[in-house]
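One structure is given below, encoded as structure tokens.
Bear in mind that the values in this text are calculations on the coordinates, not laboratory data. Everything numeric in this text was worked out from a predicted model, so none of it was measured. Cβ atoms come from the backbone with ideal geometry, glycine included; neighbour counts cover every protein chain shown.
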Amino acid sequence: DAGVIQSPRHEVTEMGQEVTLRCKPISGHDYLFWYRQTMMRGLELLIYFNNNVPIDDSGMPEDRFSAKMPNASFSTLKIQPSEPRDSAVYFCASREGREQFFGPGTRLTVL
Amino acid sequence: TQLLEQSPQFLSIQEGENLTVYCNSSSVFSSLQWYRQEPGEGPVLLVTVVTGGEVKKLKRLTFQFGDARKDSSLHITAAQPGDTGLYLCAGARDSNYQLIWGAGTKLIIKP
């Protein structure tokens, strides 16, 4: 298995632009998590899905953030409009039992 | 509010020395995990401890879960440069295994 796949690996955009981050979880894993990591705030859970259904989005910072999981093999995290304070590394993870498997992350820079 | 406090936040030592990293909380966890994250990658699970007082060893790494299941420690014997990374603890508070993350300990082992 290739593990959790995220794209793009790096994204540089200008303030006000729409950003879409993509994730393909490990096949068979029924939980999917989106995290954001910064030096100041560490690793923060944004939202997680169980069997493609959003369970808890209380970590989503603002209405500018939205996430979807149209099927078991694909999820997106969208930021519209993006702001400089959204600059961070965004991780997707899927879970088997107690173990979370993380993707390599997307480093987002908003200028 | 940081429910899981990790200490120290940063540690830089020479190869061959021993070290201990701590993860403390006032809350009880059903299980606790330790992850290691290397630059440019996502966190990778090292160990899960479930029973109060449990000790697990992974080569030169020894993990202990406190008797009351509120705290944990990671001890590294004869640290090697390959141990360099960000060490994150994460606690689960219910049978759904949703994790609460510590802020991490950045460890640098100098040759």
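Points worth noting:
- Part-to-part distance (alpha-carbon centres) for segment B:93-111 and segment B:1-55, which is given in Å: 5 Å
- Per-pair calculated FRET efficiency, R0 = 35 Å: B:Asn96 and B:Gln14 via Cβ, rounded to 0.05: 0.25
- Working from label points 7 Å from Cα in the Cα-to-Cβ sense, the B:Thr84 to B:Lys57 distance is 2.8 nm.
- Two-site label geometry, A:Ile5 and B:Val28: point separation in nm, points 7 Å out along Cα→Cβ: 4.4 nm
- Nearest-0.05 FRET efficiency for A:Asn71 and A:Met15, computed from C-beta distance (R0 25 Å): 0.20
- Given charges at beta-carbon only (K, R positive; D, E negative), |dipole| of the protein assembly as shown in Debye: 340 debye
- Computed from the C-alpha gyration tensor, the three semi-axes of the ellipsoid equivalent to segment B:1-101 are 22, 15, 12 Å, from longest to shortest.
- Relative contact order (%) - criterion: Cα under 8 Å, at least six apart; region: segment A:51-104: 22 percent
- Cross-link reach is defined here as a Cα-Cα straight distance under 17 Å, omitting same-chain residues fewer than 8 places apart; for A:Lys78 the aspartates and glutamates meeting it are A:Glu11, A:Glu14, A:Glu18, A:Glu44, A:Asp56, A:Asp57, A:Glu62, A:Asp63, A:Asp86.
- At full extension, A:Val53 and A:Lys78 could sit 7.3 nm farther apart than now, given 0.36 nm per residue minus the alpha carbon distance.
- Proximal lysines relative to B:Lys59, as straight alpha-carbon distance under 26 Å, when same-chain residues fewer than 8 apart are discounted: B:Lys70, B:Lys106, B:Lys110
- Segment A:48-111, Rg to Rh (Cα coordinates; Rh as Kirkwood inverse mean 1/r): 0.97
- Once Rg and the Kirkwood radius are both taken over the C-alpha atoms of chain A, their ratio Rg/Rh works out to 0.94.
- Electrostatic dipole magnitude of chain B [Cβ: Lys, Arg +1; Asp, Glu -1; Cα centre; debye, to 20]: 120 debye
- Using θ = phi - 60° and Karplus 6.51 cos²θ - 1.76 cosθ + 1.60, couplings along segment B:28-45 (whole Hz; Gly, Pro as x): 8, 10, 6, 7, 9, 10, 10, 10, 10, 10, 9, x, x, 10, x, x, 10, 5
- Estimated FRET transfer efficiency (A:Asp63, B:Ile108; beta-carbon r; R0 41 Å; 0.05): 0.55
- Within the protein assembly as shown, the ratio Rg/Rh, alpha carbon atoms throughout and Rh by Kirkwood, equals 0.98.
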